[in-house]
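Reviewing the structure listed below.
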Amino acid sequence: MGEMVNIHKIYPDGTVALRGVNLDIYEGEMLGLLGENGAGKTTLMKILSGLLKPTRGVIRIKGKEVKFRSPKDALSYGIGMVHQHFTLVPQFTVLENIVLGSEPKVNKLMIDWSRAEEEVKELMKLTGFKVDLNAKVASLPVGMKQMAEILKVLYRNIRLLILDEPTSALTPIEVKSFFNVLRKLREGGVTIVFITHKIKEALEITDRIVVLRKGLVEGVISTTEATPQLLARMMVKVETKPIIKPEVSPSREVLVVEDLWVRGDDGRYVVKGASFCVREGEIYGILGVEGNGQKELVEAIIGLRRYDRGRVLVRSNSRLLAYVPPDRTTEGLVLEMPVCENSILGIHKMFTFGKLAINTRKVVVHANELVSKYSIATPNIRTPAKYLSGGNQQRLVIARELSKGSDLLIVVNPTRGLDIASTNYVRKLLVDLRSNGKAILLVTADVDEALEISDRLGVIYNGRITGEDLAMNFTEERLGLLMGGALRE
Amino acid sequence: MIREYLRDAATSLIAILIGFLVGAIILQVAGYDPLYIYGSLINSAFGNYYVTLNTLTAMMPIMFTGAAATLMFKSALFFIGMEGQLYIGSITAFLVGHLLQLPAGLHAIIAFLAGGLGGLLWGLVPGYLRARFGVNETVTAIMLNWIAIHFTDYITQYAFADPKATIARTYKILPTAVIPKISPEVPLSWGFVVAVIATILTGYLLYNTVIGYEIRVVGLNPHVARVAKISIESTYLRVFLISGFLAGLAGATMVLGVFNSIVYRFSPGYGWDGITAALIARNNPYMIIPASLFLAVLRSGSIGMMVGAGVSNEMILVIQGVILISAAVPEAYILLARYVKARR
């Protein structure tokens, strides 16, 4: 029914997301789109649903070439996407949310609520969905919100339904009933594209699986012929060799995490009994597809989030924790502030006369020290941080965090969005720090990065460390199975 | 940094000029001679010794409320309750000045500080609600403004109304509580000097202290603040208290230094002028001083336009509105964008 030919996508910031993808979608099938972070699954489907424009490439629907300028254009061809994050208005009822934007009207002015209700009820009968239409969305459990979200798309006469990681917020029981609904939809003739990184789900529900990796199609396979091992190998390919590191025999445990349980923002457990330790002189990598509890795990460790059960133990000579957050522009730096003011963020109380007034001279000395020690390229220390390149911003964040003098350094996706030179600089810096005795917790979604610099590696899936070993002992297949949740060691 | 200040100053100046230009067009269309009318505006603001003093006196409270507004905006709070805080500050200053008996000088200082404390207390409620429960500060500000204004009416017209006075006002404060004039030749209250110092101190607070640093971080990026373990709640609360104190002082200077009593509805909107001043000053505390001068000129000059040039009061309001809106537009735009960002 649909065809995407030689699709390229380069984002305005230079990130290459898709590098020539061909995709066929057959009428009435359930197509699985499998891949790890950054494979380009979501980008590809955002293009098909009109949310993004491809840099290059052609889309054909039923043999006819189309150009979508907005999701509305795609909707007119019966293509609709349900995004990973909810797009419902919490204060509205389910019915109001479903018809929002395409309400049936009386005399072009008044909304015909009784007709809207009839139509949605008809739709529910057809699909087997059961949602209380008059309930406020805010009061619904996550599974119900998901249903409302899908109903909202279906209400617009959708023939091709795209679902982006739809099970990420659901409990296993909810997943089961959700899959039943999807099967019913397919029987009703709706074509479904199912984006996921979970191997098990792809095998369970789809007819055909397309594996994407780094913006390219790695393989297309009929689900009946697929095995977890095969998919895992297709998903994960290691392209770098580990950096040669001097031998350090790690001794003292600096960070110990034991059976940690942490709730996400919606109150459900997203970290479900994670245990690991990071020792002096080692980089411990936590690798996983994003959204498997990494964010909450780190926040619990650094004290930004409460945990319900378990223990976090930090044995460091400094009470300050060195933490390089995943997004330097929103969590690491105040972009409008100059380099010097950013260089004291979080430690600003140490640069004072008598605890109240800031000792500007001391700040200047400190900032200059960081700039020269870590070769941060900036016109001067009064330049706002927003004018620095991504690589130099990251250096500034790392430099500041290291100046806290903690034995433990926690870094999350430290090279995301950096160019090759900066990436190499950051990775080498981390290895040097480790060789000098720092304990480093590296949380990353980048397989290459994890294997390149970690000494030991734990794979996180669904809030648990499902496999842990020396980094060099992992094969691609084993990593793929662990990250895809098809294996638990 | 210096270049950015200059650019901000230039932007504000150009915006003001555009405002005057548009105002001129309106005046022309309405059949007035814009040059003559603007001339009488300047004339009635600076034309002689007494009107100049009037202009500077009007500038005094605006500097306080302007500094108060700047603190709020720097932390990305859109609190507009300075008018109410000003009135409450005038009441507490008046009560201390009228009821307590203290030696001269000390009495004035205590009464003055009491005014600040009144404003601070009036900021405590919305501040606590905002910090603890996330209650929208703009809404509480509007409600508290009206409560404060009507409560002051009760004070001026009933509770402490001076029956012998020809205008609606309270009894006079004791002479010991009066803020003295700078000199007999310059009958301007020392409150003016204090206002200038308070404005400069606000700048020092924002740019040279731990509290100010935290205020700016929270205002620019609350996510970073959270990661850097800067408490957003206590920063908000601090801003409300300091800002409220300043706005309260605005009322106190008028009561202790100008009227020596609370005159019924004595503020022609000094609290609102502070917000405008902060916008024209592009949120730079030091620029509050020239910005409040500009507003004071418009305030005191409007009388001249009305009496001297025979322009109707409504027309003056239109012209003032046009000038103020265009002066405030550049910063208001930035502020709004930041406010929306912070709420996300």
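The values are calculated or read from the model by the stated rules, or taken from the named source; none is laboratory data. These numbers were taken from a predicted model, which means no experiment stands behind them. Using ideal geometry, Cβ is built from the backbone for each residue, glycine included, and neighbour counts are taken over all protein chains shown.
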Condition test on B:TYR236, is it within 11 Å of another protein chain (Cβ to nearest Cβ) and either of a type in the set (Phe, Trp, Tyr) or closer than 22 Å to B:ALA337 by Cβ (or both)?
no
So, in the stretch A:313-336, of the ones that are surrounded by fewer than 17 Cβ atoms within 10 Å (Cβ to Cβ) and not small (Gly, Ala, Ser), which residue ends up modelled with the highest pLDDT?
A:LEU313
Here is a check on your reading of the model: is A:GLY303 touching a strand residue (DSSP E or B) at 6+ places or on another chain (Cβ under 9 Å), exposed (fewer than 15 other Cβ atoms within 10 Å of the Cβ) and at the interface with chain B (Cβ under 9 Å from one of its Cβ atoms)?
yes
Considering each of B:GLY244, B:GLY251, B:GLY257 in turn, give the residue that is more than 12 Å from chain A (Cβ to nearest Cβ), touching a strand residue (DSSP E or B) at 6+ places or on another chain (Cβ under 6 Å) and part of a helix (DSSP H, G or I).
B:GLY257
Scan of the stretch A:44-76 for residues that are touching a residue at least 60 places away in the same chain (Cβ under 8 Å), assigned to a loop (DSSP other than H, G, I, E, B) and buried (at least 16 other Cβ atoms within 10 Å of the Cβ), ordered by number
A:SER49
State all residues of the stretch A:275-296 that are of a type in the set (A, V, I, L, M) and either within 14 Å of A:GLU468 (Cβ to Cβ) or touching a Lys or Arg at 6+ places or on another chain (Cβ under 8 Å) (or both); if no residue qualifies, say none.
A:VAL278, A:ILE283, A:ILE286, A:LEU287
Being touching a residue at least 24 places away in the same chain (Cβ under 8 Å), crowded, with 21+ Cβ neighbours inside 10 Å and either within 13 Å of chain B (Cβ to nearest Cβ) or farther than 16 Å from A:GLU331 by Cα (or both): is that true of A:ILE398 here?
no
Of the residues in the stretch A:172-194, how many are more than 17 Å from A:GLU27 (Cα to Cα) and modelled with pLDDT of 90 or more?
1
Would you please list the contacts, defined by Cβ atoms under 6 Å and residues six or more apart or on different chains, that run from a residue in the stretch A:402-424 that is surrounded by 19 or more Cβ atoms within 10 Å (Cβ to Cβ) to a residue that is among the charged types (D, E, K, R) and at pLDDT 90 or above?
A:LEU409/A:LYS438
Identify all residues within the stretch B:160-188 that are more than 22 Å from the chain's Cα centre (by Cα) and not in a loop (DSSP other than H, G, I, E, B); write none if there are none.
B:ALA161, B:THR170, B:PRO175, B:THR176, B:ALA177
Could you tell me which numbered condition A:ALA274 fails, if it satisfies all but one of (1) closer than 23 Å to A:THR167 by Cα; (2) part of a loop (DSSP other than H, G, I, E, B)?
(2)
Regarding the stretch B:212-231, can at least one residue be identified that is within 29 Å of B:PHE192 (Cα to Cα), within 14 Å of another protein chain (Cβ to nearest Cβ) and not in a helix (DSSP H, G or I)?
no
For the stretch A:293-350, give me each residue that is among the polar types (S, T, N, Q), within 26 Å of A:GLY391 (Cβ to Cβ) and out of contact with any Leu (no Cβ under 9 Å at 6 or more places or on another chain).
A:GLN294, A:THR330
Inside the stretch A:343-383, the number of residues satisfying the requirement of being facing chain B (nearest Cβ under 9 Å) and in contact (Cβ under 8 Å) with a residue 40 or more places away in the chain is 5
Cross-chain or 6+ apart pairs with Cβ under 7 Å, the stretch B:185-208 first and in contact (Cβ under 8 Å) with a residue 12 or more places away in the chain, then part of a helix (DSSP H, G or I) and among the hydroxyl-bearing types (Ser, Thr, Tyr):
B:LEU188/B:THR57; B:SER189/B:THR253; B:GLY191/B:THR253; B:ALA195/B:THR253; B:ILE200/B:TYR286; B:THR202/B:THR70; B:GLY203/B:TYR286
Segments classed as helices (runs of 4 or more DSSP H), wholly inside the stretch B:32-108, with at least 2 members that are under 16 Å from the mean Cα position of the chain (by Cα) and crowded, with 24+ Cβ neighbours inside 10 Å:
B:49-74, B:82-99
Does A:PRO90 fit the bill of being over 20 Å from the mean Cα position of the chain (by Cα) and either surrounded by 14 or more Cβ atoms within 10 Å (Cβ to Cβ) or among the hydroxyl-bearing types (Ser, Thr, Tyr) (or both)?
no
Hey, A:VAL220 outside any helix (DSSP H, G or I) and not acidic (Asp, Glu) or not:
yes
Is it the case that A:LEU230 is free of Cβ contacts under 8 Å to residues at least 40 places away in the same chain, among the aliphatic types (A, V, I, L, M) and either touching a Ser or Thr at 6+ places or on another chain (Cβ under 8 Å) or in a helix (DSSP H, G or I) (or both)?
yes
Out of all the residues in the stretch B:189-207, is one or more part of a helix (DSSP H, G or I), within 14 Å of another protein chain (Cβ to nearest Cβ) and aromatic (Phe, Trp, Tyr)?
yes
From A:ASN424, A:ASN317, A:ASN368, A:ASN342, grab the single residue that is of a type outside the set (A, V, I, L, M) and within 30 Å of A:THR240 (Cβ to Cβ).
A:ASN424
Spot the failing condition for A:ILE460; the list is (1) assigned to a loop (DSSP other than H, G, I, E, B); (2) crowded, with 18+ Cβ neighbours inside 10 Å, and only one is missed.
(1)
Anything in the stretch A:77-98 that is assigned to a strand (DSSP E or B) and of a type in the set (Ser, Thr, Tyr)? List them, or say none.
A:THR93
